[in-house]
1. In the set 80, 121, 99, which member is of a type in the set (Gly, Ala, Ser) and closer than 24 Å to residue 52 by Cα?
2. Sort out which residues of the stretch 70-100 are over 15 Å from the mean Cα position of the chain (by Cα) and either among the β-branched types (Val, Ile, Thr) or closer than 22 Å to residue 129 by Cα (or both), and write them in order of number.
3. Inside the stretch 43-53, can you point out the residues that are surrounded by 17 or more Cβ atoms within 10 Å (Cβ to Cβ) and either assigned to a helix (DSSP H, G or I) or of a type outside the set (A, V, I, L, M, F, W, C) (or both)?
4. Only one of 83, 135, 61 is at pLDDT 95 or above, of a type outside the set (Ser, Thr, Tyr) and under 28 Å from residue 18 (Cα atoms). Can you tell me which?
5. Taking the criterion of being touching a residue at least 40 places away in the same chain (Cβ under 8 Å) and under 25 Å from residue 15 (Cβ atoms), would at least one residue in the stretch 121-128 satisfy it?
6. Is there a residue being touching a His at 6+ places or on another chain (Cβ under 8 Å), under 24 Å from residue 45 (Cα atoms), at pLDDT 95 or above and open to solvent by 40 Å² or more (accessible area, probe 1.4 Å) anywhere in the stretch 88-108?
7. How many residues are among the aliphatic types (A, V, I, L, M), open to solvent by 40 Å² or more (accessible area, probe 1.4 Å) and within 21 Å of residue 21 (Cβ to Cβ) if we restrict to the stretch 64-80?
8. Has the stretch 30-42 got any residue that is without any contact (Cβ under 8 Å) to a residue 12 or more places away in the chain, over 25 Å from residue 65 (Cβ atoms), open to solvent by less than 100 Å² (accessible area, probe 1.4 Å) and in contact with a helix residue (DSSP H, G or I) (Cβ under 9 Å, 6 or more places away or on another chain)?
Amino acid sequence: MHIPVVQINTGGACHLDANMISTVLDEIPLNELDMVIIENVGNLVCPAEFNVGEDIKLMVLSIAEGHDKPLKYPLMFQQSSALVLNKIDLLPYTKVDISKMRNDSRALNPKLKIFEVSCSSGAGVDGWAQWLSGLRSR
């Protein structure tokens, strides 16, 4: 399976913006794709504040980042349609209170869909993949 990928250099900025996305659209075979995923990395502040033309925001957060993130970065949790808590297999080795993380996340966004996944073991990946697949029919 060939999946087209385009790298965008932010030139030192902490996030992507719509102008950066528009400069690479000609490099992507949009008419052949069911879904385009824009990975906007860096932090949990800037991606929440800038619209890049997305239909939804989806946040992937490593469990090792800590349960304080929902209250520390509320806007990202409020604007996301889904939260993927990744590396759930590391939970026994951390002091992360996953219940607090879930509760604080849902207090900020009651409609937030939360997926607990481990890419190492595969736990939870099927549910997340099914949810993503359902987005294609929107």
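1. 80
2. Once the filter is applied, which keeps residues that are over 15 Å from the mean Cα position of the chain (by Cα) and either among the β-branched types (Val, Ile, Thr) or closer than 22 Å to residue 129 by Cα (or both), the stretch 70-100 yields 88, 89, 90, 91, 94, 96, 98.
3. 46, 47, 48
4. Criteria check complete, one pass: 83.
5. Looking for residues that are touching a residue at least 40 places away in the same chain (Cβ under 8 Å) and under 25 Å from residue 15 (Cβ atoms), one finds at least one in the stretch 121-128, hence yes.
6. Yes, the stretch 88-108 contains at least one residue that is touching a His at 6+ places or on another chain (Cβ under 8 Å), under 24 Å from residue 45 (Cα atoms), at pLDDT 95 or above and open to solvent by 40 Å² or more (accessible area, probe 1.4 Å).
7. Residues flagged as among the aliphatic types (A, V, I, L, M), open to solvent by 40 Å² or more (accessible area, probe 1.4 Å) and within 21 Å of residue 21 (Cβ to Cβ) within the stretch 64-80 amount to 1.
8. Scanning the stretch 30-42, I find at least one residue that is without any contact (Cβ under 8 Å) to a residue 12 or more places away in the chain, over 25 Å from residue 65 (Cβ atoms), open to solvent by less than 100 Å² (accessible area, probe 1.4 Å) and in contact with a helix residue (DSSP H, G or I) (Cβ under 9 Å, 6 or more places away or on another chain), so the answer is yes.
The values are calculated or read from the model by the stated rules, or taken from the named source; none is laboratory data. Computed from a prediction, not measured in an experiment: that's the story for all the values here. A quick note on method: Cβ atoms are made from the backbone with ideal geometry, for glycine too, and the neighbour counts reach across all protein chains shown. When the accessible area is computed, the model is the full protein with side chains, heavy atoms only, and any ligands, DNA or RNA have been set aside. Shrake-Rupley method; radii C 1.70, N 1.55, O 1.52, S 1.80 Å.
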